[in-house]
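Working notes for the structure below.
The values are calculated or read from the model by the stated rules, or taken from the named source; none is laboratory data. What you are looking at is a predicted structure, and each value in this text was computed from that prediction instead of being measured. In this analysis, Cβ positions are derived from the backbone assuming ideal geometry, glycine residues included, and neighbour counts consider all displayed protein chains. These area figures cover heavy atoms from the full protein model, side chains too; ligands, DNA and RNA do not enter into them. Shrake-Rupley method; radii C 1.70, N 1.55, O 1.52, S 1.80 Å.
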Amino acid sequence: MNRSATYTLVRTWYGKKKQKPLILEYEIEDLNNATILLPFPQSFERTIDWGDSTIEQTNAEFPSHTYTEKGIYIVRIYGEIQYINSNEISENYNKKLKKVISWGDSTSNLISMEYAFYQCMNLSSIPTDRHGAFRQVTDFTGSFGRCSALSTIPEGLFKNSPNARVFTGCFINCTIISTLPDNLFNNCPLVTDFSLCFYNCFSLANIPEKLFINCPNVTNFSCCFFNCLSLINIPEKLFINCLQTTYFFGCFAICETLNEIPEKLFANCPNVINFNGCFGVCTNLSQIPETLFENCSKVTDFGACFVECEKLTHIPENLFNKCPELTDISGCFEGCMNLVDIPEKLFINCPHITDFRYCFSECQKLSGETPKDPDGGELWERVGKEGYPNSISSNSCFRECIGLSNYSEIPDTWK
């Protein structure tokens, strides 16, 4: 097909479909590595302007093109796209993508952005969704994961995403993003899963207070801000409308610069069952609010919740008083080397705990006595007593806690 005919083809296609194309920018720096693959895993009839005077109509999965000269190329795609997925393409191809210039509306039938631009490590710019490209998308899992050159998220990126349900790992390993738009998820009321969403976003320093304000159906925030090493604070009302959330597993783990937890952070989260590792290795955290878990009566798991929070010196006496269903406290304060005592009534309303392993292990500055039950009994005396478990895992609960006044009375199975 000659050049005139191919341009006529595009004009005809555009006029028929009235489409605005998906526009991508690629850079070819090495002619020995000059082929690009587009991340479209399905076979649909499409017209592609490759940006070097080559226009072709193809129904190929992962359409490809080889350039004959180095340079920047603007690629325009017309036609149906239901899935965008870069995870099935090698890094060799993905690293050539520099920008998404426009989402267009040729993606009007797009239903999944799962791993859309995953490991496109040189992708530095993405646009807002101006034409409703994402209006049918339900899954944004890993969409921009490992886009380590991406520094900014446009505020309107998800403004036309009313059907989005999943943002698992959406920006995982986006290591230079430092701020998030206030209204990023405001038009995403059906989301249920933000697990791993900002995992390893090392440069993220602040979280907008209203980031999740219109996301009342979220059940999972596991590892959402895991290893956000620059995070300074958490807004007190961050989860104010998250009444359905059940998992905060590792949510703020390894946020090493975090120095404070808002007292009412989880005040409107009555259905949480898992805080395992939630603030683990927050090495700058020096205090825990006494009423932090006051409205979380369904929690069963606080394992490793504050593990290696090295600056903690005290545990609030009533921290777990409203958590009667608690079963797992393993490693909760392990490695909190500056803790000086354990409140006597810390577990007084938690009769169902079956796992105390490593709970206070390596807390070498502890003094005073071990926590007591309402009748003055010791934790290790619970086994088999009425109202308590018949079996309790206890290995290394008080390991190296030699400063406790009753350390010699603690059974070997607990130390």
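Observations on the model:
- Highest-MSF residue in the chain out of S391, S151, S143 [GNM, Cα springs under 10 Å]: S391
- Between D375, D182, D49, the residue with the greatest mean-square fluctuation in the GNM of the chain (Cα pairs under 10 Å linked by springs) is D375.
- Restriction of the GluC sites (Glu not before Pro) in the stretch 59-120 to DSSP coil positions whose beta-carbon has at most 14 other beta-carbons within 10 angstrom yields E61, E69, E88.
- Computed log₁₀ I(q)/I(0) - Debye formula, equal Cα scatterers, no solvent, the chain, q 0.08, 0.11, 0.13 Å⁻¹: -0.54, -0.82, -1.00
- Label-to-label distance, nm, for residues given as E61 and D375 (7 Å Cα→Cβ offset): 6.6 nm
- Helix 3-17 axis, angle to the chain major axis (alpha carbon atoms, nearest 10°): 50 degrees
- Across the stretch 316-401, Cα pairs under 8 Å and at least six residues apart give a relative contact order of 33 percent.
- Prolate/oblate/rounded label for the stretch 268-412 (Cα gyration tensor, a/c 1.5): oblate
- About the centre of its Cα atoms, the chain shows a dipole size close to 1980 debye [charges on the beta carbon of Lys, Arg (+1) and Asp, Glu (-1) only; nearest 20 debye].
- Accessible carbon and sulfur surface of the chain relative to its total accessible area, %, 1.4 Å: 44 percent
- For the options C197, C251, C188, a Gaussian network treatment of the chain with springs between C-alpha atoms closer than 10 Å singles out C188 as fluctuating the most.
- Per the Debye calculation on the stretch 62-133 with a single equal scatterer at every Cα and no solvent contribution, log₁₀ I(q)/I(0) for q = 0.18, 0.22, 0.25 Å⁻¹ amounts to -0.79, -1.21, -1.49.
- Summarising the label geometry, the points placed 7 Å from Cα in the beta-carbon direction at E263 and T128 lie 3.9 nm from one another.
- Computed with a 1.4 Å probe over protein heavy atoms only, the accessible surface of the stretch 206-333 comes to 35 Å² per residue.
- Mean separation of Cα pairs under 8 Å and 6 or more residues apart, divided by the residue count, gives the chain a relative contact order of 7 percent.
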